[in-house]
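Here is the structure we will look at, set down as structure tokens.
Computed from the coordinates by the stated procedures, all read-outs in this text should not be read as laboratory data. Predicted model only: the values in this text are computed from it and were never measured. Note that we place each Cβ from the backbone using ideal geometry, even for glycine, and neighbour counts take in every protein chain shown.
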Amino acid sequence: MTKVTLPTKLPTERAFLVGFELPDEQRLVSIQDSLEELKLLSLTAGLVVVGETSQRLKRLNPKTLLGSGKIEEIKTLVKETVADIVLFDDELSPRHQRELERFFGDEVRVVDRSALILDIFAQHANTREGSLQVELAQYEYRLPRLTRAWTHLARQAGGGGGRAGSVGGVGLRGPGETQLEVDRRDIGRRIAHLREQLEKVRAHRGRYRARRKRAAIPTVALVGYTNAGKSTLLNRLSNANVLVADKLFATLDPTTRRVELPEGREVLFTDTVGFIQKLPTTLVAAFQATLEEIAEADLLLHIVDITHPNAKAQALAVRATLDEIEVIDIPMVTALNKIDLLPDPTSSLDRVDEFERAVPISALTGEGIPTLLSSIEFELYQSMSQVKVLLPYKAGRLISLFHEQGRIDEIQHNENAVMIEGRIPTRLASHYTDYQI
């Protein structure tokens, strides 16, 4: 299927979208829905979409990715629409990137979904931590794809949309070095520096989380597909004044706010970066410091846009990312958001069983929020797991925590350890995994 929009005037950045599908490919959404999401990403990045096309393939062409006839068709359409970017819906291998750049020539840039997402993150990274994380992901993505055409490099995180002239201000070359070799070596140094800086950020966050744990205040991490309404919900719960916008990846940096639950207990809610299908692996790795906020949470609050036609697929994409960062075992409550936009809000009750511990809500109007907070309170303080552990006396904090938060059925003091059998809040059960008997 091919769509074309002929220009009336020439904007600076015009994108032609390309999708493809393999016969045995496991897809969360249809190729057309995926292209529709790519269009939203393009608009978020400030591009004008002038056309799109897709192809179902028997196999990938090792040189040009798509069939030669399709590639020629795209080249013709790009010329007709005066597009200056060909944007692919999947991540391109370095070889395909190079071959396609040669085919389309110097006048047209070849960009894939991963590069586009990285560019959006670069636009929206407003803190030093966010800028470091995005810049690292950009360089790690570019390094294997580096050619002379890439020496201009695209937008840097926090760079206000400017274009960098050369990597890190390259100076004199050594004997016999090409510009490409200089760029590669300089990028390698920059990556090492960024990792070092992010390790300091990670250590700082670790100390901050340790203080929170000593204060015995549980943490709830808000997770969800981008634009599901996490920031709106945090604002509703805590008057956090977090940026809310009807676009993808409106906020990147985690925001933590204190919220009082129905029975007077306090909890910390942390808003985190939104997920999306085909999230670049370099981005997941670079955002480790931020994603650790999720890993250290006592409970995950999964926000789902129940009005989206692919709500279930989006939820599965979030679960896949949570599985990738190994936090899938943390207890979860699901908020089925935006019920105010449904013709019949009560119809959301028919879908509750599709999701884990689901509560229909509207973060915008507040409908369902009291029920949601009660569900969170139940999971944090009343949902219990039966355990039998042998705790050495040096693990005094865990022994005290069991006395304070758990229900002890039997306790035996031995020479070097204490055996405790009883129930502990499910959110704390993982702390005792290494001591279970």
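With a 10 Å Cβ neighbour count serving as the proxy for reagent exposure, in which order, fewest first, do Met332, Met384 appear?
Lowest count first: Met384, Met332.
What spacing in nm lies between the two simple spin-label points modelled at Gln32 and His403, each 7 Å away from Cα in the Cβ direction?
About 6.5 nm, to one decimal.
Classify segment 2-107 as rounded, prolate or oblate, taking a ≥ b ≥ c as the square roots of the eigenvalues of its Cα gyration tensor: rounded when a/c is under 1.5, otherwise prolate if a/b is larger than b/c and oblate if not.
oblate
Which order do the peptides 127-133, 79-85 take when ranked by the mean count of other beta-carbon atoms within 10 Å per residue, highest first?
127-133, 79-85
Between the DSSP loop rule and a limit of at most 15 other Cβ atoms within 10 Å, which trypsin sites (Lys or Arg not before Pro) in segment 257-288 are left? Mind dumping the intermediate values first?
Working: sites: Arg257, Arg258, Arg265, Lys278; in loops: Arg265, Lys278.
Filter output for segment 257-288: Arg265.
Under 5 Å between amide hydrogens, which residues at least 5 positions from Gly224 or on another chain qualify, with H placed 1.01 Å from N in the peptide plane?
Counting only residues 5 or more places away or on other chains, the set is Phe275, Ile303.
Pull up all non-local amide H partners of Ala125: gap of 5 or more, or a different chain, and H-to-H distance under 5 Å with H placed in the peptide plane.
Gly158
Using θ = phi - 60° and the Karplus relation 6.51 cos²θ - 1.76 cosθ + 1.60, list the HN-Hα couplings for segment 217-222 in order, rounded to whole Hz, with x at every Gly or Pro.
Karplus-based 3J(HN,Hα) across segment 217-222 equals 9, x, 10, 10, 9, 7 Hz.
Which shape class applies to segment 257-387: rounded if a/c is under 1.5, otherwise prolate when a/b exceeds b/c and oblate if not, where a ≥ b ≥ c are the square roots of the Cα gyration tensor eigenvalues? Please report the intermediate quantities before stating the final value.
Numbers: a/c = 1.70, a/b = 1.12, b/c = 1.53.
Judged from the Cα gyration tensor, segment 257-387 comes out oblate (a/c at least 1.5, b/c at or above a/b).
Output the peptides 140-146, 320-326 sorted from most to least packed, where packing is the average of other Cβ atoms within 10 Å over each peptide's residues.
Taking the mean over residues of other Cβ atoms within 10 Å, the ranking is 140-146, 320-326.
Just to check I understand the Karplus step: with θ = phi - 60° and J = 6.51 cos²θ - 1.76 cosθ + 1.60, what whole-Hz values come out for segment 103-119, glycine and proline as x?
For segment 103-119, the Karplus curve yields 5, 7, x, 5, 7, 10, 8, 9, 10, 10, 4, 4, 4, 5, 4, 4, 5 Hz.
Note the full-extension length gain between Asp106 and Arg202 as 0.36 nm times their separation in residues minus their Cα-Cα distance, in nm to one decimal.
Values: separation 96, 0.36 × 96 = 34.56 nm, distance 4.08 nm.
Length difference between fully extended and current span is 30.5 nm.
Spelling out what I want: for every residue of segment 37-50, take phi, set θ = phi - 60°, compute 6.51 cos²θ - 1.76 cosθ + 1.60 (Karplus), and round to whole Hz; glycine and proline get x.
5, 4, 5, 5, 4, 4, 4, 4, 7, x, 8, 9, 7, 10
How many nm separate the modelled label positions at His413 and Glu354, each set 7 Å beyond the Cα in the direction of the Cβ?
5.6 nm
Give the peptides 60-70, 221-231 in descending order of average Cβ contacts within 10 Å, highest first. Let's see the in-between values first.
Numbers: 60-70: 15.3, 221-231: 26.2.
Descending packing order for the listed peptides: 221-231, 60-70.
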